[in-house]
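The values are calculated or read from the model by the stated rules, or taken from the named source; none is laboratory data. This is a predicted model, so every value here is computed, not measured. Neighbour counts are summed over all protein chains in view; Cβ atoms, including those assigned to glycine, are modelled from backbone coordinates with ideal geometry. These accessible areas exclude ligands, DNA and RNA; they are computed on the full protein's heavy atoms, side chains included. Shrake-Rupley method; radii C 1.70, N 1.55, O 1.52, S 1.80 Å.
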Amino acid sequence: MSAPLLIWVVLLHWATGGGFVRGGRTWQHCTELRPLDILSEVVPAGGLAPGMRVFQVEGVRGFQLAASRPRALGFPASRLFVHCHRFPEEFSIIVTLRVLGVPAKRNEYVFTLMAEESPSVLVGLRYAPDKLHFLFWSQERAGGWQTRVTFHNVSLSDNQWHTLVLAVSGQSFSLTVDCSIPKDLVVETPFPASLSVERASFYLGNRRRRKGVFTGLLRQLVLLPGADATPRVCTAVNFKEATLSVPTVLQDVPRKPASNEVLKYPYETDTKVTLGSPPPCTKREKAQFWFDASRRGLYLCNGSAWTSLLEVKQRLDYVEEYQSLATNSETMGVEVFTIPKVGLFAATANRHTPPGSAIYKWTDGKFVPYQNIPTYQAQSWKYFTIGKKIFLAVANFEQNDRGQEFSVIYKWSRRKEKFITYQRITTHSARDWEAFVIEGEAFLAVVNHRKGNNHNIDSVIYRWNPRTGLFETNQTIPTSGAYDWEFFTIGPYSFLAVANTFNGTSTKIYSHIYIWLSGSFQLFQSILTFGAADWEVFRIGDRVFLAVANSHSYDSGMPAPSNFYAINSSIYELNITAQMFVKFQDLLTYSALDWEYFSVGDDSFLVVANSFDGFTFSVNSIIYRWQGYEGFVAAHHLPTVGCRDWEAFHTAEGSYLLYSSAKEPLSKVLKLKTT
């Protein structure tokens, strides 16, 4: 056989998987380029190894390792290195972990590779406060020695999930944390080209001793031979949880089991215990428990809402007057909010200046005066946060003493424990602010009611500029004597509804719902309203409702009705098929200015602010109870005087309603008595 033909035969044999035969054994590449999942090797099929527990934090699961049985968390290296007993010369190590606070001068091992007859670490990864050490054993000299490659300023002790990619090639070592800019080191001693792993074992979270055991949570530990894994790992939306290979038991939350079925992979999770307002429930809190001590209820976060697991069901029995709150003057609106670690507050938007508007703090079961703020016929307040910053915006209806017309955003000073002036924005007879977040960006929308005698003017949406720390004009929307903005989301879509009240000749005009598309709000639907003063969005089960408060019916070109103010307010329901809101129910109201939705136990309620019946401001406002097929049915009639606004809130002592009066300097707190 000729030499060229012989070469082709050999190449063909190799290409078809035959390989070469040496000493009767088929020779293959020592290093396979597949990911080697170290973590999965420790987990037996259908269960957990001794000394391992599964915890879920922020919707992500990981292993917690016990220090009592370090050898139980090991396995022979031959299970990974099947075809030869040499550690790859070039490789990446991918780790996803959640580090708890590590005391100073303490080291914790993420993993080690150790020979059975020696206490030396062949390969290992060790974490110390603000440092990450990569260890390897060099055998090029007699006896060998251990080399430590240290990455400084690696801060992981923030109780957050982090993904690390350590890439090794000769004398070059590169560490990437959460897919950020890599830290590159070149050291004198290269990683050995031929490191034997014969009769060696991997140990998870330890070095075969109880001392230095990893105390955090470990989700991913993968060895990828022959390549820098960064491009493969850094493709996820959440870089802190980027994955290459994760054990089955740590993957997505399993489906809800049947009543007689247990979870295949049980796990433990965080539990929050609070009084008052529910904590956030987002993807970060998914599968966390919340125990509400005031309601004696246990809830599970499903990623978007708290689902009741165990709760003492309460029912609204009656409403009683709890506190008469003397205000600086007539109150056009009220905002109840909680500042974390400070307390519960109520801000009243008062008509007269001086003395302006006031903020009250809930103290010993009552609202007491806390801070006065100069305002100019204030109409409403809006509380919102951006990151750790806390803001309170007031809508001023009139000019100040200098003839300037602007509304003001105040910022909470943690040092002074007061709200201080932050930004002034030019407005025109402002009625309302609405704060919201879309795709991670903060917005603030103002309702401009009129400019002089012209009611057909633009209202403005402002966008937060994180560089300047100020709100800047983003979009203007034509409105007609507008009173209110209402922002809401349905699935991935964001909406903004405006309540148009008067166009200069008539209150019978269209109010509009806008949808966020391609970076701006665009018209979605128009609904005929009659002096609309408020929109209220709420959900009952999977159904989405939108209620409008119609204040009066007036048209200069039409004969006057018998009563301008006795008029239906309407509730609309989202029709998914038609992709629009359709009328669900009409309710007779008397110059309605506000709706407020709240719940007690499993029951849903709407309370309306009736302000004037055409003859008197002493009008009953009504609480409607959700009755399913019957819709909302009147349940409680509450005597009010010029009622302008309702706010529902909860404390450790119970549930309350606060209403503001636009006709007397007295607002009232009502307590919901339950059975």
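Checking the conditions here, which among S68, S120 is among the hydroxyl-bearing types (S, T, Y) and at pLDDT below 85?
Numbers: S120 fails: at pLDDT below 85.
Answer to the selection: S68.
Looking at the stretch 312-358, which of its residues are buried (at least 19 other Cβ atoms within 10 Å of the Cβ), in a strand (DSSP E or B) and of a type in the set (G, A, S)?
Correct list: G333, A346, A347, A349, S357, A358.
For the stretch 405-436, which residues satisfy the criterion of being in a loop (DSSP other than H, G, I, E, B) and farther than 25 Å from T501 by Cα? Write out each step before concluding.
Kept after step one, since they are in a loop (DSSP other than H, G, I, E, B), are these residues of the stretch 405-436: 405, 414-417, 427-429.
Answer for the stretch 405-436, where residues must be in a loop (DSSP other than H, G, I, E, B) and farther than 25 Å from T501 by Cα: R414, R415, K416, E417.
What number goes with the only condition from (1) farther than 21 Å from S196 by Cβ; (2) modelled with pLDDT of 75 or more; (3) not hydrophobic (A, V, I, L, M, F, W, C) that H83 does not pass?
Going through the list (1) farther than 21 Å from S196 by Cβ; (2) modelled with pLDDT of 75 or more; (3) not hydrophobic (A, V, I, L, M, F, W, C), H83 breaks only (1).
Quick one: which residue in D645, D594, D555, D602 is at pLDDT below 95, on the phi < 0 side of the Ramachandran plot and under 35 Å from the mean Cα position of the chain (by Cα)? Give the derivation first.
Values: D645 fails: at pLDDT below 95; D594 fails: at pLDDT below 95; D555 fails: under 35 Å from the mean Cα position of the chain (by Cα).
The unique qualifying residue is D602.
Do we have V582 as surrounded by 22 or more Cβ atoms within 10 Å (Cβ to Cβ) and part of a strand (DSSP E or B) here?
So V582 does not fit the description; no.
Being closer than 27 Å to E285 by Cα and part of a strand (DSSP E or B), is that true of even one residue in the stretch 72-90? Let's see the steps before the verdict.
First pass over the stretch 72-90, keeping only residues closer than 27 Å to E285 by Cα: none.
Within the stretch 72-90, not a single residue is closer than 27 Å to E285 by Cα and part of a strand (DSSP E or B).
What tally of residues in the stretch 216-236 results from selecting those that are open to solvent by 50 Å² or more (accessible area, probe 1.4 Å) and either modelled with pLDDT of 80 or more or within 30 Å of P129 (Cβ to Cβ) (or both)?
3
What tally of residues in the stretch 460-505 results from selecting those that are in a loop (DSSP other than H, G, I, E, B) and β-branched (V, I, T)? Spell out the reasoning first.
So in the stretch 460-505, the residues in a loop (DSSP other than H, G, I, E, B) come out as 466-469, 481-483, 491-492, 500-505.
Subset that is β-branched (V, I, T): 468, 501, 505.
Number of matching residues: 3.
Kindly evaluate F136 against the criterion of being among the aromatic types (F, W, Y) and within 42 Å of the chain's Cα centre (by Cα).
Details: among the aromatic types (F, W, Y): yes; within 42 Å of the chain's Cα centre (by Cα): yes.
Against the criterion (among the aromatic types (F, W, Y) and within 42 Å of the chain's Cα centre (by Cα)), F136 qualifies.
Would you point out the residue of the stretch 624-649, among those that are in a strand (DSSP E or B) and in contact with a Ser or Thr (Cβ under 6 Å, 6 or more places away or on another chain), that is nearest to V600 (Cα to Cα)?
Kept after step one, since they are in a strand (DSSP E or B), are these residues of the stretch 624-649: 624-626, 632-641, 643-649.
So of that shortlist, the ones also in contact with a Ser or Thr (Cβ under 6 Å, 6 or more places away or on another chain) come out as 626, 638, 640-641, 643-645.
Values: W626: 11, L638: 17, T640: 22, V641: 25, C643: 22, R644: 23, D645: 20 Å.
Looking at residues that are in a strand (DSSP E or B) and in contact with a Ser or Thr (Cβ under 6 Å, 6 or more places away or on another chain), I get W626.
Report yes if T589 is farther than 22 Å from T489 by Cβ, in a loop (DSSP other than H, G, I, E, B) and in the same structural domain as K508 (by the TED database), otherwise no. Reasoning before the result, please.
Working: farther than 22 Å from T489 by Cβ: yes; in a loop (DSSP other than H, G, I, E, B): no; in the same structural domain as K508 (by the TED database): yes.
Here the answer is no, as T589 does not meet what is asked.
Filter the stretch 435-488 down to the residues that are over 25 Å from K411 (Cβ atoms) and of a type in the set (D, E, K, R) and list them by number.
Residues satisfying the conditions are R450, K451, D458.
Can you go through Y514, Y510 and tell me which one is within 30 Å of M558 (Cβ to Cβ), surrounded by fewer than 20 Cβ atoms within 10 Å (Cβ to Cβ) and in the same structural domain as F584 (by the TED database)?
On the way: Y514 fails: surrounded by fewer than 20 Cβ atoms within 10 Å (Cβ to Cβ).
Answer to the selection: Y510.
Find all pairs meeting these conditions: Cβ atoms under 9 angstrom apart; at least six residues apart or on different chains; first residue within the stretch 168-179 and under 27 Å from S194 (Cβ atoms) and of a type in the set (A, V, I, L, M, F, W, C); second residue outside any strand (DSSP E or B) and open to solvent by less than 30 Å² (accessible area, probe 1.4 Å).
Short answer, once both residue conditions are applied: V168/P88; V168/F191; F173/F191; L175/V154.
Report yes if T348 is hydroxyl-bearing (S, T, Y), modelled with pLDDT of 95 or more and out of contact with any Ser or Thr (no Cβ under 9 Å at 6 or more places or on another chain), otherwise no. Steps first, please.
Numbers: hydroxyl-bearing (S, T, Y): yes; modelled with pLDDT of 95 or more: yes; out of contact with any Ser or Thr (no Cβ under 9 Å at 6 or more places or on another chain): no.
Spelling it out, it is not the case that T348 is hydroxyl-bearing (S, T, Y), modelled with pLDDT of 95 or more and out of contact with any Ser or Thr (no Cβ under 9 Å at 6 or more places or on another chain).
Given the structure, is I438 open to solvent by less than 50 Å² (accessible area, probe 1.4 Å), β-branched (V, I, T) and under 28 Å from the mean Cα position of the chain (by Cα)?
Yes; evaluated as a whole, the condition is true for this residue.
Select from the stretch 378-410 the residues that are open to solvent by 50 Å² or more (accessible area, probe 1.4 Å) and in contact with a Ser or Thr (Cβ under 9 Å, 6 or more places away or on another chain) and write down the one among them that is modelled with the lowest pLDDT.
So the first thing to find is which residues in the stretch 378-410 are open to solvent by 50 Å² or more (accessible area, probe 1.4 Å), and the list is 385, 387-389, 398-399, 401-402, 404.
Checking the rest, the ones that are also in contact with a Ser or Thr (Cβ under 9 Å, 6 or more places away or on another chain) come to 398, 401, 404.
Working: E398: 95, D401: 87, Q404: 93.
My answer is D401.
Considering only residues that are crowded, with 16+ Cβ neighbours inside 10 Å and not hydroxyl-bearing (S, T, Y), which ones fall in the stretch 621-630? Full working, then the answer.
Quick first cut of the stretch 621-630, residues crowded, with 16+ Cβ neighbours inside 10 Å only: 621-626.
Passing the criteria: I622, I623, R625, W626.
Among the residues of the stretch 457-468, are any open to solvent by 40 Å² or more (accessible area, probe 1.4 Å), within 24 Å of Q522 (Cα to Cα) and either not assigned by the TED database to the domain that holds S661 or not basic (K, R) (or both)? Spell out how you get there, then give the answer.
From the stretch 457-468, those open to solvent by 40 Å² or more (accessible area, probe 1.4 Å) are 458, 463, 466-468; that's our starting set.
With the extra rule that they be within 24 Å of Q522 (Cα to Cα), the set shrinks to 458, 463.
Next, from what is left, pick out any that are either not assigned by the TED database to the domain that holds S661 or not basic (K, R) (or both): 458.
Yes.
Of the residues that make up the stretch 208-215, is at least one buried (at least 18 other Cβ atoms within 10 Å of the Cβ) and assigned to a strand (DSSP E or B)?
Looking for residues that are buried (at least 18 other Cβ atoms within 10 Å of the Cβ) and assigned to a strand (DSSP E or B), one finds at least one in the stretch 208-215, hence yes.
Considering only the stretch 109-116, I want to know if a residue exists there that is open to solvent by 30 Å² or more (accessible area, probe 1.4 Å) and among the hydroxyl-bearing types (S, T, Y). If you could, list the steps in order and put the result at the bottom.
So the first thing to find is which residues in the stretch 109-116 are open to solvent by 30 Å² or more (accessible area, probe 1.4 Å), and the list is 116.
Filter once more, so that each one left must be among the hydroxyl-bearing types (S, T, Y): none.
No, the stretch 109-116 contains no residue that is open to solvent by 30 Å² or more (accessible area, probe 1.4 Å) and among the hydroxyl-bearing types (S, T, Y).
Return only the number of the condition from (1) part of a strand (DSSP E or B); (2) open to solvent by less than 30 Å² (accessible area, probe 1.4 Å) that W362 does not satisfy.
Answer for W362: the failing condition is (2).
Looking for something touching a residue at least 40 places away in the same chain (Cβ under 8 Å) and touching a His at 6+ places or on another chain (Cβ under 6 Å) - is there at least one such residue anywhere in the stretch 568-588?
Looking through the stretch 568-588, none of the residues is touching a residue at least 40 places away in the same chain (Cβ under 8 Å) and touching a His at 6+ places or on another chain (Cβ under 6 Å).
So V246 passes all but one of these: (1) surrounded by 13 or more Cβ atoms within 10 Å (Cβ to Cβ); (2) of a type in the set (A, V, I, L, M, F, W, C); (3) at pLDDT below 85. Which condition number does it fail?
All conditions pass for V246, except number (3).
For (1) of a type in the set (V, I, T); (2) over 18 Å from E41 (Cα atoms); (3) crowded, with 22+ Cβ neighbours inside 10 Å; (4) modelled with pLDDT of 90 or more, each residue gets a yes or a no:
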| position | (1), (2), (3), (4) |
| --- | --- |
| E90 | no, yes, no, yes |
| T96 | yes, no, yes, yes |
| P103 | no, yes, no, no |
| N107 | no, yes, no, no |
